[in-house]
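> Structure incoming, see below.
Rule-based calculations on the coordinates, nothing more; no lab input. Treat the numbers as computed from the prediction; the structure is a model and nothing was measured. All Cβ positions, glycine included, derive from the backbone under ideal geometry; neighbour counts span all protein chains shown.
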Amino acid sequence: MSEEWRTGSGYHWKSNESSGYAVDNLDTKQLADLGEGSDIFERLFVLTRDAIDLYKGLDRKIEGDHLDICHHISRYLSQNRKKIQ
């Protein structure tokens, strides 16, 4: 099982065999920027980020980095998409 955490325009990942950093620019992309070939993770991330940004506007104090929160929610949902279709 790999571990992932987001910082800015990309995310770090680590597994038993290797580790790295991947840039996907999901911190700034909009749904309109994603082509038809985008995967469910990217679409979920952008939608989750937008929802959290709206939530933050309600001044309810989200703890932690909201992009990392979006990353983990989107990854979980995309890995379990069969349960939400």
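> Within the range 4-17, is there a residue that is exposed (fewer than 10 other Cβ atoms within 10 Å of the Cβ) and either without any contact (Cβ under 8 Å) to a residue 40 or more places away in the chain or in contact with a strand residue (DSSP E or B) (Cβ under 9 Å, 6 or more places away or on another chain) (or both)? Full working, then the answer.
Let us first name the residues in the range 4-17 that are exposed (fewer than 10 other Cβ atoms within 10 Å of the Cβ), namely 16-17.
From what is left, the residues that are either without any contact (Cβ under 8 Å) to a residue 40 or more places away in the chain or in contact with a strand residue (DSSP E or B) (Cβ under 9 Å, 6 or more places away or on another chain) (or both) are 16-17.
Yes, the range 4-17 contains at least one residue that is exposed (fewer than 10 other Cβ atoms within 10 Å of the Cβ) and either without any contact (Cβ under 8 Å) to a residue 40 or more places away in the chain or in contact with a strand residue (DSSP E or B) (Cβ under 9 Å, 6 or more places away or on another chain) (or both).
> List every residue pair whose Cβ atoms sit under 6 Å apart, with the two residues 6 or more apart in sequence or on different chains, where the first one lies in the range 36-51 and is free of Cβ contacts under 8 Å to residues at least 24 places away in the same chain and the second, anywhere, is in a helix (DSSP H, G or I).
Here the result reads 46/31; 49/70, each pair linking the range 36-51 to a residue that is in a helix (DSSP H, G or I).
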